[in-house]
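We did not get these values from a lab; they are worked out from the coordinates using the rules stated. Everything numeric in this text was worked out from a predicted model, so none of it was measured. So basically every Cβ, Gly included, is an ideal-geometry build from the backbone, and we count neighbours across all protein chains shown.
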Amino acid sequence: MDWDEFARPWLDSAPALEAAHQPVIDLLMAEARLQPGERVLDVGCGTGPSLLAALPAVEPGGTVTGIDIAPPLVARAAERLPDHVELLTGDAGRHAYADGAYDVILSNFGLMFFDDTRAAMANLRRATRPGGRLAATVWGPPPHNPWFTLPRRAVDAHVPDVPRPDPSGPGPMRFADPAAVLADLSATGWNARCETHDIHLTPLGTPADVAAQHRKMTLRMILTGMEIAEETLARIEADLAGQLAALDTNGGVRVPARIHLILAEAV
């Protein structure tokens, strides 16, 4: 894997993505109920927004550790976090954690990308003390998440036969039906449940600004491996801006989102 190439759109889009997804972080932190003194592992920490949110909640006396498989994302997180925050680079599902090292596992949109979810959940269970907790967000069904469906609709209007990802394989919509991840958790020593929340994402700027943000990230992901003419990309971006205009309110663009919150206790 060329991690520099993989991470480039994430790094380019990080400030905009963090602003858009702040309501999801707020939801995750509210339901994780972190306490001072707790030891937290953030799975798929990326550039660090959930680490920044978790750190003050566990102080004094607590610790936060982040792990991500992409070195450039971990490097960006290190630039913005205090030196006492531990950052690990590697596969969170296979990393050799000490048994019972953590009180809480956090993951904001990270669980959907493991090659073997059940093995990963078993490994994270070993890393969690008995009675410890897991709190994670995953995307709900595509029809309830225009953050993804609107860019796809714009692409389909201008580029024929763009491949679809395997909905059951690693990817954002893998747990749109959360039954599979709940089964994997239950089979590996977790008492798990799911809460579904309808919220709004809060991207910054005008519909045109948000469409430009999607061009950096979402459109690049959808069109991976395809050579698309600049004029076609411009038409896709303009089409997307037009769709987003319908979501523009006095408070800015507000994008409906359905989020599954996965909550579990280590038994």
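Here, the chain is characterised by an Rg to Rh ratio of 0.97, where Rg is the alpha-carbon radius of gyration and Rh the Kirkwood radius.
Could you check how many percent of all C-alpha pairs in segment 85-174 are farther apart than 14 Å? Write out the running numbers ahead of the final one.
On the way: 2917 of 4005 pairs.
Above the 14 Å cut-off, segment 85-174 has 73 percent of its Cα pairs.
Remark: the R153-R258 segment gains 36.0 nm on full extension, using 0.36 nm per residue and subtracting the alpha carbon distance. In terms of its C-alpha gyration tensor, segment 26-152 comes out rounded, because the ratio a/c of the largest to the smallest axis stays below 1.5. Note on segment 195-267: with charges restricted to the Cβ of Lys and Arg (+1) and Asp and Glu (-1), its dipole about the Cα centre is near 40 debye.
Residues whose amide H falls under 5 Å from that of R133, counting only those 5 or more places apart or on a different chain, are V104, I105, A266, with hydrogens built in the peptide plane. Amide H contacts of D42: T65, G66, I67, L106, each under 5 Å away and 5 or more positions distant or on a separate chain (H built 1.01 Å from N in the peptide plane; Pro and chain starts excluded).
Applying the Karplus relation 6.51 cos²θ - 1.76 cosθ + 1.60 with θ = phi - 60° to segment 103-109 yields 3J(HN,Hα) values of 8, 9, 9, 10, 7, 9, 6 Hz, where x marks Gly and Pro. In whole Å, what is the distance between the alpha-carbon centres of segment 1-59 and segment 192-267? For segment 1-59 versus segment 192-267, the Cα centre distance is 18 Å.
Dipole size in debye (nearest 20) for segment 1-143 around its Cα centre, Lys and Arg Cβ +1, Asp and Glu Cβ -1? If you can, show how the numbers build up before the last one.
Values: 11 positive and 19 negative charges, 104 e Å.
The dipole of segment 1-143 has a size of about 500 debye.
Specify whether the C-alpha gyration tensor of segment 133-263 places it in the rounded, prolate or oblate class, a ≥ b ≥ c being the square roots of the eigenvalues: rounded for a/c under 1.5, otherwise prolate if a/b is larger than b/c and oblate if not. Oblate, since a/c reaches 1.5 and b/c is not below a/b. Does a label point 7 Å from the Cα of N191, set along Cα-to-beta-carbon, have any residues of segment 110-141 with amide nitrogen under 11 Å, and which are they? Answer for segment 110-141: 131-132. Amide H to amide H, with H built 1.01 Å from N, G110 comes under 5 Å of T137, counting only residues 5 or more places away or on other chains. Couplings for segment 133-150, taken from phi via the Karplus curve 6.51 cos²θ - 1.76 cosθ + 1.60 with θ = phi - 60°, read 10, 10, 9, 8, 9, 9, 6, x, x, x, x, 9, 9, x, 3, 9, 6, 5 Hz in order; Gly and Pro are left as x.
Between the residues L28, A212, A246, the greatest Cα displacement towards the positive end of the dipole of the chain, with unit charges on the Cβ of Lys, Arg, Asp and Glu, is found for L28. Note on segment 192-253: semi-axes of the ellipsoid equivalent to its C-alpha gyration tensor, largest first and rounded to whole Å, are 25, 19, 8.
Compare the peptides 220-226, 23-29, 119-125 by average per-residue count of other Cβ atoms within 10 angstrom and give them in order, highest first. Walk me through the numbers on the way to the answer.
Working: 220-226: 14.0, 23-29: 17.9, 119-125: 21.4.
Packing order, densest peptide first, comes out as 119-125, 23-29, 220-226.
Entry note: segment 129-193 has Rg to Rh equal to 1.12, where both radii use alpha-carbon atoms and Rh is the Kirkwood radius.
Each residue of segment 156-173 was assigned a 3J(HN,Hα) from its phi angle through the Karplus expression (A = 6.51, B = -1.76, C = 1.60, θ = phi - 60°), giving 4, 6, 10, 10, x, 6, 6, x, 9, x, 5, x, 9, x, x, x, x, 9 Hz with x at Gly and Pro.
According to a simple spin-label model (label point 7 Å from Cα along Cα-to-Cβ), what is the distance in nm between L204 and N250? Between N250 and L204, the simple spin-label model gives 2.3 nm.
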